[in-house]
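Data first, discussion second: the structure below is written as structure tokens.
The values are calculated or read from the model by the stated rules, or taken from the named source; none is laboratory data. Everything numeric here is computed off the predicted structure, so don't read it as measured data. FYI the Cβ positions are ideal-geometry reconstructions off the backbone, even for glycines, and counts take in every protein chain you see.
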Amino acid sequence: MASNDVSRLSATGTAGILRVANDRRVVVTPVNGRRATLGAVVGVALGCMALCVSAQVRVPVPGTDVPMTLQHLAVLLVGLSLPARRAAAATMLYLACGAVGFGVFAHPAGLTGSTAGYLFGFVVAAWLVSRISAETRSFGRLFVGVCAGTLAIFAMGVLWRVGLVLLAGGVRGHVVQAIFTGLLPFVGKSLVTMTLAVVAAWSWRNDRLIPRRRSYRPAD
């Protein structure tokens, strides 16, 4: 039934929402184009707002200029809640808000400072988390998704810091310091953040929070 409905919707160009009925069958609920567009806009806006708010909760970390915030958790939840392109769009909208002057970045230097790599990593992370964990109830696959997103954030953040050091003529010791101060202080907090995100998504998708109510987002 689900495959026939999907084929019919694809052939007619009608948007649809995949959901799981009470008997656990996957069914397709058609929606009109205007409603689907409104849902996409609202989802992107809410994702951007979550990132803006999470950046305001920041705690200075001794020995590094990278503050500890709730943005890592927000990015993971955005990726777990939205289709891949919408998740990436929400993070790009957040970067755009900061670029035009809104005070939504945790670090005052924003897109030009030593923490800009993490910000750009948000876009990749949100897309990766969504793409890997789309429509799955598996705890393991959800965890793989958030691990991939987390690695993207720290990889781009650390590489950006190393690049700035090299451009400034830094020696090997400075490069090592840039790596250590941009990664090690956040390992423990990142493990807790990933666990919280996975448990929340797994609980929601397996009806642990609201029994017998389940709605999967459409594949991007």
Open item on the list: For the stretch 57-97, which positions are in a loop (DSSP other than H, G, I, E, B) and under 27 Å from Ser203 (Cα atoms)?
Closed with: Val57, Leu70, Leu82, Pro83
TODO: Looking at (1) part of a loop (DSSP other than H, G, I, E, B); (2) surrounded by 23 or more Cβ atoms within 10 Å (Cβ to Cβ), find the lone condition where Phe122 falls short.
DONE: (1)
Open item on the list: Contact list please: Cβ distance under 9 Å, first residue in the stretch 36-64 and without any contact (Cβ under 8 Å) to a residue 60 or more places away in the chain, second residue loosely packed, with under 14 Cβ neighbours inside 10 Å and of a type in the set (S, T, N, Q), pairs at least six apart or on different chains.
Closed with: none
Open item on the list: What pairs come out if I take residues in the stretch 174-188 that are in the same structural domain as Ser114 (by TED's automatic domain parsing) and pair them with residues that are charged (D, E, K, R) whose C-beta lies under 8 Å away, six or more apart or interchain?
Closed with: Ala178/Arg161; Ile179/Arg161; Thr181/Asp65; Thr181/Arg161; Gly182/Arg161
Task: helices (runs of 4 or more DSSP H) completely within the stretch 136-220 that count 1 or more residues being modelled with pLDDT under 85 - done: 172-183
TODO: Inspect the stretch 36-49 for any residue being part of a loop (DSSP other than H, G, I, E, B) and modelled with pLDDT under 90 and give the result as yes or no.
DONE: no
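Given the structure, is Ser130 among the polar types (S, T, N, Q) and either outside the structural domain of Thr64 (by TED's automatic domain parsing) or out of contact with any Phe, Trp or Tyr (no Cβ under 9 Å at 6 or more places or on another chain) (or both)?
On the way: among the polar types (S, T, N, Q): yes; either outside the structural domain of Thr64 (by TED's automatic domain parsing) or out of contact with any Phe, Trp or Tyr (no Cβ under 9 Å at 6 or more places or on another chain) (or both): yes.
The answer is yes for Ser130.
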Task: Near pairs, Cβ below 8 angstrom, 6+ apart or cross-chain, from the stretch 132-147 (on the phi > 0 side of the Ramachandran plot) to any residue that is of a type in the set (A, V, I, L, M, F, W, C) and not in a loop (DSSP other than H, G, I, E, B) - done: Glu135/Leu18
- [ ] Scan the stretch 122-178 for residues that are of a type in the set (S, T, N, Q) and over 10 Å from the mean Cα position of the chain (by Cα) and jot them down.
- [x] Ser133, Thr136, Ser138, Gln177
TODO: Scan the stretch 43-69 for residues that are under 18 Å from Met194 (Cβ atoms) and surrounded by fewer than 19 Cβ atoms within 10 Å (Cβ to Cβ) and jot them down.
DONE: Val57, Met68
